[in-house]
Every structure is written in structure tokens, then in C-alpha cells.
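The values are calculated or read from the model by the stated rules, or taken from the named source; none is laboratory data. All values derive from a computational prediction rather than experimental measurement. When we count neighbours, we look across all protein chains shown, and the Cβ atoms used for this are built from the backbone with ideal geometry, even at glycine.
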Amino acid sequence: MRSQRPSINITDQAESIIADLCARVPEFDHIDPCRVLACLARARRGTRGGVYAKIVPMRFADGSPWKRVDGQCYAIPQIPTVQGDILYLIYLYIPRFFELPAERRLLTLVHELYHIAPAFDGTIRRVGGRAHGASREQFNARLQPVVRQYLEGQPPVTAHELLQGDLRAMAKHATLTGRVLALPKPVRIPPEGALTRT
């Protein structure tokens, strides 16, 4: 009888690291990890560099669940949970994310979490009015001490593959799984519906 292949859930491992970061890193103590969802997205083939991960806020300015544009009301479809609606989605682009060395993978997760607004209201943190401030390089440089301090304290063992595993090698000995969710897009809603939402 053939033995069953082990399974590695990539998004579960990402959420394990996110929860641990929020518990141990003071810069993230405003984040409720239960309302942050990790997802997988496929990177375009034949491209070098590019985006390794992306955070998607689920609310509009000031945490509003809807906004008005040219007289029309729009809302982002919500993802309800027992702890409340999901406020942020973090997409990991594969295989590109796994082409990074371990410390850069962790920096990528830290980078996306740092984008979460201090109010934790479903919006993005602004640095000098911009998402990355003066530059992405300076933004990442600010976060390097966070990464080093976290690594000194040992990340969860269950997240070993996410930070250090080789995607092809992992696929040879295990079944890789993870959450795949279409990028949410605003949908038009009736004005009276928007005005009664909380």
C-alpha cells in the first residue's frame, strides 16, 4: 500500500508567521491577525524580479465600507468571520516569493504588515502621504532591525518550509495547498443600502 504524501498548506504557514509577528513585534501589536487573510497568486511566467507579495485593504478612506464616485456608491465585498470582517488580504506570488532567500521572505511579510494602518481600520499606512515614503529601499531599511530581532527569537517551527523551503523540492515530496482568492473589486450598491451599513 502506497504511503500518503504529506501536505503543506502555504497560506496556513504564512498566517502562522503573521500571528507570531503580531504577538512578538511591538510595531504590529495593533493588528488582529484573525482579520488578516493570506492568499496565493501566480506570478507571470518569464518575468524576473517584480512583485513578491501584495497587501489589499478591504475598506476605503477612514475605514468606510463604501464610497461614492460620480453619484454612484461602491463597496468591496466583505469576507465575514467569527472575529469580524477580514480587513486585509496578503497575496504571496508564487513561485517568485520562494525564489527569495529566507530573510527576504520574512522581510516581505514584515513589509506588507507594516503597510497596515495604525488604526487597523482596513486602510493603508501612509508615510509622508505615500505608501512607501521617499522610496521602497528606505521603507525596507527601516524594517531590517525588526526582521533581525524576530529571527533571533526563532520563528514557529511549523513555518519552516515557507521561510526556507525550495518550492520544487517541496512539491516533489509533499502536496502543496493554499488559499486562492480572486482579487476583490468594488461593486456598485444602491445608495440607500450604503447609507444604512455600519
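What number of residues within the stretch 118-177 satisfy the criterion of being surrounded by fewer than 14 Cβ atoms within 10 Å (Cβ to Cβ) and at positive phi?
Counting residues in the stretch 118-177 that are surrounded by fewer than 14 Cβ atoms within 10 Å (Cβ to Cβ) and at positive phi gives 3.
Tell me whether the stretch 86-100 contains one or more residues that are buried (at least 19 other Cβ atoms within 10 Å of the Cβ), among the aliphatic types (A, V, I, L, M) and within 19 Å of PHE139 (Cβ to Cβ).
Yes, the stretch 86-100 contains at least one residue that is buried (at least 19 other Cβ atoms within 10 Å of the Cβ), among the aliphatic types (A, V, I, L, M) and within 19 Å of PHE139 (Cβ to Cβ).
It is to be established whether one or more residues within the stretch 116-127 are at pLDDT below 95 and out of contact with any His (no Cβ under 7 Å at 6 or more places or on another chain).
Yes, because at least one residue in the stretch 116-127 is at pLDDT below 95 and out of contact with any His (no Cβ under 7 Å at 6 or more places or on another chain).
If you take the residues of the stretch 25-51 that are at pLDDT below 95 and within 15 Å of the chain's Cα centre (by Cα), which of them is surrounded by the fewest Cβ atoms within 10 Å (Cβ to Cβ)?
Within the stretch 25-51, the match that is surrounded by the fewest Cβ atoms within 10 Å (Cβ to Cβ) is ARG42.
Within the stretch 65-108, which residues are charged (D, E, K, R), out of contact with any helix residue (DSSP H, G or I) (no Cβ under 9 Å at 6 or more places or on another chain) and over 30 Å from PRO155 (Cα atoms)?
ASP70
Return the only residue of SER7, SER3, SER16 being among the hydroxyl-bearing types (Ser, Thr, Tyr), at pLDDT 90 or above and surrounded by fewer than 19 Cβ atoms within 10 Å (Cβ to Cβ).
Residue meeting the stated conditions: SER7.
Hey, any hits in the stretch 141-162 for a residue that's in contact with a Lys or Arg (Cβ under 8 Å, 6 or more places away or on another chain) and modelled with pLDDT of 95 or more?
Within the stretch 141-162, none of the residues are in contact with a Lys or Arg (Cβ under 8 Å, 6 or more places away or on another chain) and modelled with pLDDT of 95 or more.
Which residues, counting only those in the stretch 124-151, are part of a helix (DSSP H, G or I), in contact (Cβ under 8 Å) with a residue 60 or more places away in the chain and of a type in the set (Val, Ile, Thr)?
VAL146
Could you identify the single residue in ASP121, ASP166 that is touching a helix residue (DSSP H, G or I) at 6+ places or on another chain (Cβ under 8 Å), closer than 30 Å to GLN72 by Cα and in contact (Cβ under 8 Å) with a residue 60 or more places away in the chain?
Exactly one of ASP121, ASP166 is touching a helix residue (DSSP H, G or I) at 6+ places or on another chain (Cβ under 8 Å), closer than 30 Å to GLN72 by Cα and in contact (Cβ under 8 Å) with a residue 60 or more places away in the chain, namely ASP121.
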